[in-house]
Structures are given as structure tokens and as C-alpha cells.
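Please read the structure below before turning to the comments.
The values are calculated or read from the model by the stated rules, or taken from the named source; none is laboratory data. Please read all numbers here as calculations on a predicted model, not as lab measurements. Using ideal geometry, Cβ is built from the backbone for each residue, glycine included, and neighbour counts are taken over all protein chains shown.
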Amino acid sequence: MLIVAVHVHVKLECVEAFRQATIENASNSVREPGIARFDIIQQSDDPTRFVLMEVYKTPEAPARHKETAHYAKWRDAVADMMAEPRSSVKYTAVFPAEAGWEMPQ
């Protein structure tokens with residue numbers, strides 16, 4: 001599994017619009033065969049900061065995700081909502097993946 005944590009800092013006046021656009025994208029993303037999980041978390045002490053936790057089944061799945069219509073719609077919709085460019089960090093699963101346990105779908 002490949003986990004991508006996408007860090008997003010949104011303009012204060014765009015928080016609700018960003019939330020809605022991102023929920024729509026995540027709702028479609030979890031239907032993709034290469035995505036095991038797609039979580040949206042919002043920082044408690046700064047509501048303008050979000051992390052999108054994207055869990056992919058294969059290393060190729062992120063590229064396929066970026067080719068979908070719902071991703072393109074989200075990307076274009078939120079572009080002007082950013083207070084700064086988003087960044088991401090890639091991780092590999094240690095547990096439960098190496099224990100032979102699979103994420104429920």
C-alpha cells in the first residue's frame with residue numbers, strides 16, 4: 001500500500017467551499033478500484049488546515065486517480081482557495097499491511 005498525506009492550507013473565507021468540494025471528490029475517489037481509503041481531516045486549532053489521507057492499493061493508483069474527471073473537477077475548483085500551494089508526503093504501510101491484514105472496503 002502507498003499512503004499519501006496531502007497538506008492543504010485554505011484561505012479562511014474558503015473553508016466551507018473547500019470542505020464541500022473535497023467531500024465530493026473523496027466520495028467519488030473511494031469508488032475507484034485502486035483506492036483503499038480516502039480521509040479528510042481538519043486541524044482542530046486552525047480550521048484552515050487540512051490533511052487528505054489517501055491510501056492506494058498499488059503504486060500506480062495515484063496516477064490513475066489524477067486522470068479521473070472528479071479529481072480534475074476538484075483540482076480546478078479548489079485552485080483559488082489555497083492560501084499556499086499544497087504539499088504531499090508519501091508513506092508505505094508497515095502495519096497492518098505487513099501483518100497480512102487488509103483494509104476493509
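Among the residues of the stretch 84-93, the one identified as among the small types (Gly, Ala, Ser) and exposed (fewer than 13 other Cβ atoms within 10 Å of the Cβ) is SER87. Note on the stretch 11-38: residues that are under 13 Å from ARG75 (Cα atoms) and either in contact with a Cys (Cβ under 9 Å, 6 or more places away or on another chain) or assigned to a strand (DSSP E or B) (or both) total 0.
Among the residues making up the stretch 52-69, those that are free of Cβ contacts under 8 Å to residues at least 60 places away in the same chain and either small (Gly, Ala, Ser) or in a helix (DSSP H, G or I) (or both) are ALA61, ALA63, ARG64, HIS65, ALA69. Selection of first residues in the stretch 75-92 that are assigned to a strand (DSSP E or B) and of second residues that are modelled with pLDDT of 95 or more and not aliphatic (A, V, I, L, M), restricted to Cβ pairs under 8 Å at least 6 apart or on distinct chains, gives the following pairs, ordered by first then second residue: MET82/HIS9; MET82/LYS11; SER87/HIS7; SER88/HIS7; VAL89/HIS7. Summed over the stretch 39-51, the residues that are small (Gly, Ala, Ser) and outside any loop (DSSP other than H, G, I, E, B) give a count of 0.
Any residue that is over 15 Å from the mean Cα position of the chain (by Cα) and either among the hydrophobic types (A, V, I, L, M, F, W, C) or surrounded by 13 or more Cβ atoms within 10 Å (Cβ to Cβ) (or both) - is there at least one of those in the stretch 40-48? Yes, some residue in the stretch 40-48 is over 15 Å from the mean Cα position of the chain (by Cα) and either among the hydrophobic types (A, V, I, L, M, F, W, C) or surrounded by 13 or more Cβ atoms within 10 Å (Cβ to Cβ) (or both).
Yes or no, residue by residue, for (1) out of contact with any helix residue (DSSP H, G or I) (no Cβ under 7 Å at 6 or more places or on another chain); (2) without any contact (Cβ under 8 Å) to a residue 12 or more places away in the chain; (3) of a type outside the set (Phe, Trp, Tyr):
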site	(1), (2), (3)
VAL6	yes, no, yes
ALA26	yes, no, yes
ALA36	yes, no, yes
ILE40	no, no, yes
SER44	yes, yes, yes
TYR71	no, no, no
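Of the residues making up the stretch 49-82, those that are loosely packed, with under 15 Cβ neighbours inside 10 Å and farther than 17 Å from GLU24 by Cα are THR58, PRO59, GLU60, ALA63, ASP80, MET82.
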